[in-house]
Amino acid sequence: MARVRLSVAERREELLRAAIGQIEARGVAAVRIADVASALGVSNALVLYHFSTKEKLVAAAFTYAAEDDLAHLRKLLGRRTSALRRLRAAVRWYAPTGQAKGWRLWIEGWAVALREPALRDVTKGLDQQWKAAIAEVIAEGVAAGEFRCPDPTAAALRLTALLDGLAVQLTSYPGAVPRARAQAWADEALARELGLSEQQ
């Protein structure tokens, strides 16, 4: 059966989705160009034509996956409701107990970024976007008088650091922290950062 001819953009997207699948299955260190090509039934040369090196393919795949999550985060934070409701929805979704996918991919990316400057730049930029989006909504809530937070940027950093750490525990060591407890900790951390009482 003949393959459908794809546009350059469609082919790149197909390759990126295949790369994400292979990274999730094998890990960044073990995945090869040949694995991605084989998953799609195409040649190694075709993958290299679009991405030239494994490092560029991995960085592009990581960006593709993370941008999808970032778009969803922005959608949650852009709703027409109170800042507090938007933040609670975002934390519940972002937390490793929520619906955010790709924690294994993020953890793989962080590990490889220690040795790969190109991926380090990608992960750092995406991480900064996450924190900036959260900090912006915290600042909106402060300005609207919904809650108190003297430093929204620091609050966003502390909150996302907790969520990232819980993700490592839940993803790498299943059962180490019960999911309900992790969610309670995330909710408590958000309340602390915003100076809220347990009843609010």
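The values are calculated or read from the model by the stated rules, or taken from the named source; none is laboratory data. This one's a predicted model, so the numbers in the text were calculated from it and none came from an experiment. Cβ sites come from the backbone with ideal geometry, for glycine too, and all protein chains shown count toward neighbours. Accessible surface areas use protein heavy atoms only, side chains included; no ligands, DNA or RNA. Shrake-Rupley method; radii C 1.70, N 1.55, O 1.52, S 1.80 Å.
Things to note:
- Measuring r between the beta carbons of HIS50 and TRP110 and using R0 = 22 Å, the FRET efficiency lands at 0.30.
- Area of TYR64 that stays accessible when all protein chains are in place (1.4 Å probe, Å², to 10): 80
- Cross-link check: pairs LYS54/LYS131; LYS54/LYS75; LYS54/LYS124 evaluated at a Cα-Cα cut-off of 21 Å; pairs beyond the cut-off: LYS54/LYS131; LYS54/LYS75.
- Helical runs assigned H by DSSP (4 residues or longer) give the chain a calculated mean residue ellipticity at 222 nm of -24000 deg cm²/dmol, each run adding -39500 (n - 2.57) before division by the residue total.
- Convex hull (Cα only) mean projected area of the chain, reported in nm² to one decimal: 13.2
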